[in-house]
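To keep things clear, I will list the structure first and then write my remarks on it.
The values are calculated or read from the model by the stated rules, or taken from the named source; none is laboratory data. Computed from a prediction, not measured in an experiment: that's the story for all the values here. Counting neighbours? That spans all protein chains shown, and the Cβs are built from the backbone with ideal geometry, glycine included. These accessible areas exclude ligands, DNA and RNA; they are computed on the full protein's heavy atoms, side chains included. Shrake-Rupley method; radii C 1.70, N 1.55, O 1.52, S 1.80 Å.
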Amino acid sequence: MLRVAVVGSGPSGCYTAQSLVQLDSEVYVDVLDRLPCPYGLVRYGVAPDHEKIKSLQGSLRAVLEHDRVRFLGGVQVGPGGVPAARLRELYHAVVYCVGAATDRHLGIPGEDLPGSWSATEFVSWYSAHPDSPRFAAPSGPGEAAAVDGFLRGARSAVVIGVGNVAVDVARMLARGAAELAPTDMPQAALTALAASGVTDIHVVGRRGPSQARFTTKELRELGTLPGTDVTLDPGELALDPGYTDPAALPAAQRRNVEVLRGWAGTSPAGAPRRIRLRFFLRPVELLAERGRVGAVRFERTVPDGRGGVTGTGRCEDVEAQLVLRSVGYRGVALEGLPFDPDSGTVPNLAGRVLREGVVVPGAYVAGWIKRGPTGVIGTNRPCAKETVLSLLEDAPVLARQDVPGDPLAVLRAEGAEPVEWSGWQAIERAEAELGASLGRGVVKLPDWEALLTAARAATA
Ligand code: NAP
């Protein structure tokens, strides 16, 4: 019998647990998460209007409800919680599936001006992440937009970066109340977005359209948004040789270019909102206006012939009362584990953690902390399986370690108060009740207190 702790209950953690119990009938898995809720970025990253991707929660749920898998939410591993070394004593092996917990920085002047946020902060807010920035509650009907920190007084928004997260946040800014109300987004975010005065959303890439990171399905969806035109600058697009002649591009990029070429050939319908896709503009500074961001200064770039770009010295200022920096996620170093600051990952060999090239016994990684923040949710399945195959190969040695009969009892005795599956189910019920009281479907609880109160009510 092998007891394994999986740290993180997002897709990579769930797929790791699934592979472990599928490939070995003697393995018991505890999936620990810092949050009282499972599913990681599927719950707190996938945009609320992407119901089909969100429905993946159904298959992740089946993993966490497996006989030999236990969900233990609300358990912090590392500083302030269960020390990593202690966790290692309680289990034969620990697999870290903690994702990429922070965002990359631009490193340009004005980046931290009020009104400039990382896209992940914005995503966390509309996804009801309990750590998301809190704003003053509206003091009366119709006041939400005035008091809300993201959208206050904003007419023009700039999204920096052209990946799928950039497309997500642009789409959420463009969606109207009727489209957002059926989602599970928290009521305060719904009220604020529904009252938003943002009419122009500039999504800006530093390289060309054939080098954009968004996927075609997500790009195409921008053209279907009610009340929103997608606009492009044909002269800017034509700077990209891959745009003018897409024949030699890989299929994914060629499909993107075909969608953009289709849009570039049509005139805007005069809709009330516009998503402006811009390219070959490198952010150099965020400019202040009355103590908040007022514009982003970009330098025009041109292709360097090697897939990169060079600056031209010519600048363009784009008005923005809201700036969302969507330039990718970054892994964070974990207590007691080696870390490569350049890639933001834990050095590993097929999932086995390596310290200075030597395997760290019993420590494994899967998902973004293993390979960096790339790929779609399904990419985590083979990634997790590779790690699990390594772990099971090591099982005969790992199994020699003495571990307590039930690590949960030890965790409790040492002060942890895990939210078990019944606690999570109670949160689900509370979210359904909240939604019903608001005349909506399920509505997420947006703060720690509400989540823990609901979970603890189940235990009581
Ligand atoms: P991403 O795909 O890595 O895109 C990051 C973007 O930021 C790129 O356009 C990049 O440009 C740009 N960038 C990086 N540094 C910059 C700088 N200093 N100045 C200006 N631009 C800069 O990251 P992401 O959008 O955060 O997505 C992360 C992962 O999640 C991806 O694998 C994505 O597909 C996935 N995801 C998927 C979905 C979905 O399937 N619906 C939704 C959300 C996220 P360069 O290319 O020039 O570096």
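How many percent of all Cα-Cα pairs in the range 51-109 sit more than 13 Å apart? Numbers along the way, then the final one.
Details: 1338 of 1711 pairs.
Tail of P(r) above 13 Å: 78 percent of Cα pairs.
Highest mean first, what order results for 90-99, 356-365 on Cβ atoms within 10 Å? Mind dumping the intermediate values first?
Values: 90-99: 25.5, 356-365: 17.2.
Ranked from most to least packed, the peptides come out as 90-99, 356-365.
Amide H neighbours of Leu322 under 5 Å, at least 5 residues apart or on other chains, H built in the peptide plane: list them.
Ser156, Val158
Going by amide H atoms built from the backbone, whose H comes under 5 Å of the H on Ser118, apart from near neighbours?
Residues meeting the amide H criterion: Arg325.
Where does the chain land at 222 nm, in deg cm²/dmol rounded to the nearest 500, when only DSSP H runs of n ≥ 4 count, each adding -39500 (n - 2.57), divided by all residues? Don't skip to the answer; put the middle values down first.
Values: 19 runs with 160 residues, N = 460.
Theoretical 222 nm ellipticity from helices: -9500 deg cm²/dmol.
Under a Cβ-only charge scheme (Lys and Arg +1, Asp and Glu -1), can you give me the dipole magnitude of the chain about the Cα centre, in debye to the nearest 20? Spell out each step's value before the answer.
Numbers: 49 positive and 52 negative charges, 170 e Å.
Dipole size: approximately 820 debye.
Counting only DSSP beta bridges with both residues in the range 104-325, what percent are antiparallel, rounded to the nearest 5? Don't skip to the answer; put the middle values down first.
Working: 16 of 38 bridges.
Here the share of antiparallel DSSP bridges comes out near 40 percent.
When you count, for each residue, the other Cβ atoms within 10 Å and take the mean per peptide, how do 450-456, 409-415 rank with the highest first?
On the way: 450-456: 19.9, 409-415: 12.7.
Ranking, from highest mean packing down: 450-456, 409-415.
Where does each of Thr312, Thr120 land when they are ordered by accessible area, with a 1.4 Å probe and the largest first? Spell out each step's value before the answer.
Details: Thr312 55, Thr120 30 Å².
Highest to lowest solvent-accessible surface, that is Thr312, Thr120.
What list of ³J(HN,Hα) values in whole Hz, one per residue of the range 439-449 in order, does the Karplus curve 6.51 cos²θ - 1.76 cosθ + 1.60 (θ = phi - 60°) give from phi, with Gly and Pro shown as x?
x, 10, x, 4, 10, 5, 6, x, 9, 3, 4
Please report the carbon-and-sulfur percent of the accessible area for the range 1-100; probe 1.4 Å, protein heavy atoms only, DNA, RNA and ligands left out. Spell out each step's value before the answer.
Values: 1680 of 3230 Å².
Roughly 52 percent of what the probe reaches on the range 1-100 is carbon or sulfur.
Read phi for every residue in the range 64-69 and hand back ³J(HN,Hα) as whole Hz from Karplus 6.51 cos²θ - 1.76 cosθ + 1.60, θ = phi - 60°, with x for Gly and Pro.
6, 9, 4, 3, 9, 10
Which percent of the Cα-Cα distances in the chain go past 39 Å? Numbers along the way, then the final one.
Working: 28118 of 105570 pairs.
Across the chain, Cα pairs with separations above 39 Å total 27 percent.
Ranked highest first by average number of other Cβ atoms within 10 Å, how do 396-404, 274-282 line up?
Numbers: 396-404: 12.7, 274-282: 22.7.
Highest-to-lowest ranking by the protection proxy: 274-282, 396-404.
Could you give the accessible area per residue of the chain, probe 1.4 Å, as a whole number in Å²? Each step should come with its number before you reach the end.
Details: 19420 Å² over 460 residues.
Result: 42 Å² of accessible area for each residue.
How large is log10 of I(q)/I(0) for the range 104-325 at q = 0.10, 0.12 Å⁻¹ when the intensity is taken from the Debye formula with one equal scatterer per alpha-carbon?
Calculated log10 I(q)/I(0) at the listed q: -0.45, -0.64.
Quantify, in whole percent, the carbon and sulfur part of the accessible surface of the range 104-325 (1.4 Å probe; protein heavy atoms only).
Carbon and sulfur atoms account for 52 percent of the accessible area of the range 104-325.
Once phi is turned into θ = phi - 60°, what whole-Hz ³J(HN,Hα) does the Karplus curve with 6.51, -1.76 and 1.60 give for every residue of the range 282-288, x standing for Gly and Pro?
9, x, 10, 6, 9, 9, 8
Under a 5 Å amide H to amide H cut-off, with H placed in plane at 1.01 Å, what residues pair with Val360 once short-range neighbours are removed?
Those lying under 5 Å, H to H, from Val360 are Val353, Leu354, Arg355.
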